[in-house]
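What follows is a set of notes on a single structure, which appears directly below.
The values are calculated or read from the model by the stated rules, or taken from the named source; none is laboratory data. On a predicted model such as this, the values are computed, not experimentally measured, just so you know. We place every Cβ from the backbone using ideal geometry, glycine too, and count neighbours over all the protein chains shown. Just the protein is used for accessible areas: all its heavy atoms, side chains included, with ligands, DNA and RNA removed. Shrake-Rupley method; radii C 1.70, N 1.55, O 1.52, S 1.80 Å.
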Amino acid sequence: MKEREVENQTVTEFILLGFGNLPEWQILFFLLFLVIYVLTVMANLLIVSLVLVDQHLHTPMYYFLWNLSSLEIGCSSAILPRLLASLWTGDRSISVTGCLVQLYWFGFLVTAECRLLAAMSYDRYLAICQPLHYAILMSGRLCVQLVAGFLLTSFLILTTLVSLMSKLAFCGPNEIDHFFCDLMPVIKLSCSNTSLITLVILIFSSIDTVPPFLLTLISYFCIISTILRIPSTAGKKKAFSTCSSHLIVVMLFYGILITVYMLPNASALIAPNKVFSVFYTVLTPLLNPLIYSLRNKDVKEALGRA
């Protein structure tokens, strides 16, 4: 009887199990994630500062990179501070409202990043495949409009999803076997009818991920085809160097994201899912500025001038 009473109570907080099954590793995890978070913020702030102060980087490519670094800071800040607090204090509880807020901001930033990477692919396509028309086709005004459009559509999508989720009832259990409030694990805990929100998620996911992914694939297919037609080896190397950093970032982002959300929801795959989730939520925001700074001649020269 007591168990039924507990199950029928309205849940006011969730328990993020995180890495709780490895208590002896908590301090090590805390130090590791703290170092990663500090380095992520510093590296991305460095990119943001360089693009703002260096006139040589005031181009569409680096305007998009500036926005990407800003989104990466937000993505890390939506996940890691709460995780660090949990590892330090041992308190793994999070209110339902706090969980929805975390889900909202992380989803908003990842959705915007998905579109931004597609825009960066299109920018590289114009620069390599249509260099004579690049300045006209990729104007500063268009860049601002694209970024504003990405943010607006992300806002509308996540506002709709979280508004629907806020109407769900949670009756128990309240444990989420993850280190942050991800969309599907939270929905699975609801005792309400979730058919509507599941349909909305399917529609939004198709609109949000498939077109940007296809645009990115088509852009790089055209880019690689154009590069292969360049007669000189030096010309091919120069053309590829302008897009290699972004290509690596795109492969990391989509590769890990697809792996995480395509894995079956089997209990045996919970641990691998957490590992891949760490890659795209924690490590990717750190790797992106390092890839751009280490492989990009303009950024390295800007660092030298700074």
Compare S49, S76 by solvent-accessible area with a 1.4 Å probe and give them largest first, with all protein chains kept in place. S49, S76
Could you work out which residue, out of H178, H133, H246, moves most in a Gaussian network model of the chain, that is, has the largest mean-square fluctuation with Cα springs under 10 Å? H133
Taking the chain as a Gaussian network, Cα atoms linked when under 10 Å apart, which of I197, I73, I136 shows the biggest mean-square fluctuation? I136
Which net charge results when you count Lys and Arg as +1 and Asp and Glu as -1 among the other residues whose beta-carbon is under 13 Å from that of L228? +3
Candidate residues E301, E24: accessible-area rank, largest first, probe 1.4 Å: E24, E301
Name the shape class, rounded, prolate or oblate, that the alpha-carbon gyration tensor gives for the stretch 195-260, where a ≥ b ≥ c are the square roots of its eigenvalues, rounded holds for a/c under 1.5, and otherwise prolate holds if a/b is larger than b/c and oblate otherwise. prolate
Which of rounded, prolate, oblate describes the stretch 50-182, given a ≥ b ≥ c as roots of the alpha-carbon gyration tensor eigenvalues and a/c under 1.5 marking rounded, otherwise prolate only if a/b is larger than b/c? prolate
Once Lys and Arg are counted +1 and Asp and Glu -1 for all other residues with Cβ under 15 Å from that of I256, the total becomes -2
Can you give the accessible area of S192, probe radius 1.4 Å, in Å² rounded to 10? 40
Using R₀ = 30 Å, calculate the FRET efficiency as 1/(1 + (r/R₀)^6) where r is the Cβ-Cβ separation of I230 and I136; round to 0.05. 0.85
Cut-off under 5 Å, modelled amide H: who pairs with E175 long-range: I15
List the residue ranges in the chain for DSSP H helices whose C-alpha atoms run 30 angstrom or more along the long axis and whose Kyte-Doolittle average is -0.5 or above. 26-53, 60-89, 96-129, 140-165, 195-228
So, in nm, how far is label V101 from label C129 when the simple model puts each one 7 Å beyond its Cα toward the Cβ? 4.4
Give the relative contact order (percent, whole number) for the chain; include only Cα pairs under 8 Å separated by 6+ residues. 28
Using a 1.4 Å probe and counting only protein heavy atoms, arrange F279, F180 so the residue with the most accessible area comes first. F279, F180
Structure-based [θ]222 nm, the chain - -39500 (n - 2.57) summed over DSSP H runs of at least 4, per residue, nearest 500: -25000 deg cm²/dmol
Percent relative contact order of the stretch 48-106, based on C-alpha pairs within less than 8 angstrom and at least six residues apart? 30
Largest fluctuation, V249, V186, V275 only, Gaussian network model of the chain with Cα springs under 10 angstrom, belongs to V275
In square angstrom, rounded to the nearest 10, how much accessible surface does S139 have for a 1.4 Å probe? 40
